[in-house]
Amino acid sequence: MLPWPTLTVGQRASELIWQDHTIAAAESKEPSVSLQAARAAESCFVVMPFGGLWDDYYAAVYSPAITDAGLLPVRADEAFRAGSVLQDIVEFLSDCSVVLADITDANRNVHYELGLAHALGKPTVLVAPQEMELFFDIGQERIITYSKQNAFWGSDLRAALARALRETVANPASAIPTAFLHVKPTRVEVDETAMRLRRIEELLADLSRAVASTGDNAPSRLRGLLKALPVAEAEAEGLLARQTQQDAVRSLMTAGYGQIMAETAVANAAARMGKA
């Protein structure tokens, strides 16, 4: 149920209608989407908080509205893979046709991702309640508003969003803030090997934080993986005495180590041996 402290007749009807929407959406929920699927179709990346009623709103209003507009709905929590969360978000933003952002809660992550979308020159459609006081820098953007005083706010919002998304896809420039229309993202030239090593370092840092959060006595697969790294590095040193780095990685993977573990072990061993 929606958490209204006091309910008028109209609000009670709205609550019951919302429950029907939510139950139907939960019964027909689509499986998680992949980055490959998002790239293969015109997609709409949804920027919003996760959990609780937000998941119900996504399932009952946002996802169906996007589908009604002929687009593939994508939300970050459906598609995260192992590795950098920020990298996934940037890739989904880069590949989508339009961004739908719910700014109701002034959530910091939502506004950060909205800023990324603007910097990438992506058309955006914003959603907010009618009574919400907007930040100055987004007050001039196209915003679809709703009121929970309306007993049919869910279905009305779905229809309004589907219409706005179709119009935005047909004319993307109309939904890009004027200040970003002629801005092209600047790319820093980075060596591919250096970039791969940096991503490995970021992943190891994430693993270390996850292990630390489990406590010293808690069993953890991540802790086991980190403890296995020195063993893998020792094997890598022996392999590098007679193999190239690429062959050493393949040998470690054949021995049962994962690709990231093998690449990290070989890179660390090569650095110690002066072969980096």
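The values are calculated or read from the model by the stated rules, or taken from the named source; none is laboratory data. Bear in mind that the values here come from a model prediction, so they are computed numbers and not experimental data. In this analysis, Cβ positions are derived from the backbone assuming ideal geometry, glycine residues included, and neighbour counts consider all displayed protein chains.
Here are the numbers for this structure:
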item: Residue list for the range 229-260, restricted to those being over 33 Å from the mean Cα position of the chain (by Cα) and surrounded by fewer than 16 Cβ atoms within 10 Å (Cβ to Cβ); result: Val231, Ala234, Gly238, Ala241, Arg242, Gln243, Thr244, Asp247, Ala255
item: Residue pairs meeting the criteria (Cβ under 6 Å; at least 6 apart or on separate chains; first farther than 17 Å from Ala128 by Cβ and in the same structural domain as Gly70 (by TED's automatic domain parsing), in the range 149-166; second hydroxyl-bearing (Ser, Thr, Tyr) and crowded, with 18+ Cβ neighbours inside 10 Å); result: Ala151/Ser14
item: Filter result (modelled with pLDDT of 65 or more and crowded, with 17+ Cβ neighbours inside 10 Å) within the range 206-228; result: Leu207
item: Those residues of the range 108-132 which are of a type in the set (Val, Ile, Thr) and either assigned to a helix (DSSP H, G or I) or outside the structural domain of Pro172 (by TED's automatic domain parsing) (or both), in sequence order; result: Val110
item: All positions within the range 100-111 that are within 12 Å of the chain's Cα centre (by Cα) and crowded, with 17+ Cβ neighbours inside 10 Å; result: Val110
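Residue-wise test of (1) part of a helix (DSSP H, G or I); (2) of a type in the set (Gly, Ala, Ser); (3) touching a residue at least 60 places away in the same chain (Cβ under 8 Å); (4) over 23 Å from Arg142 (Cβ atoms).
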position	(1), (2), (3), (4)
Val46	no, no, no, no
Pro49	no, no, yes, no
Asp56	yes, no, no, yes
Ile66	yes, no, yes, no
Pro73	no, no, no, no
Leu86	yes, no, no, yes
Ala101	no, yes, no, no
